[in-house]
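Everything below concerns the one structure shown next.
All of the numbers you see were taken from the coordinates with simple rules; none came from a lab. Here the structure is a predicted model, which is why all the values come from computation and not from measurement. Reconstructed Cβ throughout: ideal geometry from the backbone, glycine too, with neighbour counts over all protein chains shown.
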Ligand code: AHG
Ligand code: MN
Ligand code: MN
Ligand code: MN
C-alpha cells in the first residue's frame, strides 16, 4: 500500500513542492473532518459578506481559506498565496521558492445541502525569491505549474495530484489518516457520451455552444448518431473527478450572463490546475478554441470559458467554434 508520504519521498520531487503539497493535503484532512460534522460544527450558512468575486461568502469558504492561509504562512517554502477568497495575493515567507494558489472551497452552493465540495490547488515557481510577493508574480502561464491537484470531499475524501507527467489518485483512509494510492496513472477515454453543463444558461451562450448542446440533445436522431447523458454536480471538482474516473465533457462556456462575460470559472485556481490534471490524464482543456494552459494571465481573479475532458469531444467543440469564426 503506497501512501502519499511514500509517493512524495519516492519520486524525484523537489522537496519544496513535496512540502507544500503535504501542508495543503494535511489541511484537507481538517476540512474533511469539519464537513463530516456538518451542521454540528456550525460551519453551514453565510459568512455575512461578499468576496472579490461578488459572491456571498459561506462560513466554510472563509474557514477553509483561513486554515490554508495560516498553514502555508508557516511553511518556509511558500513565498505567498493567492486565493479565490482574498482580494489580493498574501505574502508568506519572502525566501520561499514557491507560490501557492487555491480555491479553498469549490462548490460552495453544495455546502448547505450536504453535496460534494472540494479544494483546488496549484503550485507555481517564485521568480523573485527574497523579495515580498505581488499579484503580478502569480500571473504565469498554466503550463508553468510545478504541481496541481484537488481534494474531493465526497462519500470518501479523495486527492488527485499531478507533479510530473502522471495523474495519481489517493483515497483518505479515515482509520489511519493516510492518503492511500488507488490509481498510479489516471487515463481518460478519448470519446464519451456524457456531458456536464448548466443548461439553464442556454440563452446566454454563443451560437456554436448552443449548436453543440442541441446536437447532444438530438442524440441518435441527430448528426452525432448516438444518445448522450448529462450530469451536473455544481462543484467543478465533482465533475472533473467523474471525468478522470470515466471520461466525459465538462463546460462552463463563455456567456453574456455575467458582467465579465467570460463565463464563471477562474483561470488561476480553477481552470489552470484542472486543465493540467486533465491534459496529463490524456484529455483536452480549452477556452473553446485555445489551450487553457497557454492563456497569458492578466489578473489573479480573471475568468475564462472552460471546455475540458475526453480529447475527441473537446476537439469537436473546438471545430464547431472555429467554423463559426
Ligand atoms: P466556487 O464554489 O468555488 O465559487 O465554484 C463554483 C463553480 C464551480 O465549482 C461549479 O462548476 C460552478 O461554479 C457551478 O456554477 P452554477 O452554480 O452556475 O451551476
Ligand atoms: Mn470553485
Ligand atoms: Mn470556492
Ligand atoms: Mn466562490
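Things worth noting here:
- A Förster radius of 35 Å, combined with the Cβ-Cβ distance separating residue 33 from residue 231, puts the computed FRET efficiency at roughly 0.80.
- Counting neighbouring Cβ atoms within 10 Å and putting the fewest first, the residues 153, 204, 252, 212 line up as 204, 252, 212, 153.
- Whole-number D in µm² s⁻¹ for region 183-291, Kirkwood Cα-pair radius fed into Stokes-Einstein, 25 °C, 0.890 mPa s: 167
- Cα convex hull volume per residue for region 108-205 (Å³): 222
- In this calculation the C-beta distance from residue 22 to residue 294 is compared with R0 = 35 Å, giving a FRET efficiency of 0.70.
- Each eigenvalue of the Cα gyration tensor of the chain, multiplied by 5 and square-rooted, gives one semi-axis; in descending order these are 31, 21, 21 Å.
- Sorting the segments 73-83, 105-115 by their mean number of nearby beta carbons within 10 angstrom, highest to lowest, gives 73-83, 105-115.
- Principal axis dimensions, largest first and in whole angstrom, of region 1-88 by Cα: 44, 31, 19
- Part-to-part distance (alpha-carbon centres) for region 164-180 and region 266-286, which is given in Å: 20
- Computed from Cα positions, the angle between helix 311-323 and the longest principal axis of the chain comes to roughly 60 degrees.
- Modelled this way, with points 7 Å down the Cα-to-C-beta line, the labels at residue 199 and residue 144 are 4.1 nm from one another.
- Separation between Cα centres of region 27-94 and region 110-149, rounded to whole Å: 13
- Kirkwood Rh in Å, taken over all unlike Cα pairs in region 1-151: 16.0
- To the nearest ten degrees, helix 59-73 and the longest principal axis of the Cα atoms of the chain are 50 degrees apart.
- Value at 222 nm in deg cm²/dmol, rounded to 500, when DSSP H runs of n ≥ 4 in the chain each add -39,500 (n - 2.57): -9000 deg cm²/dmol
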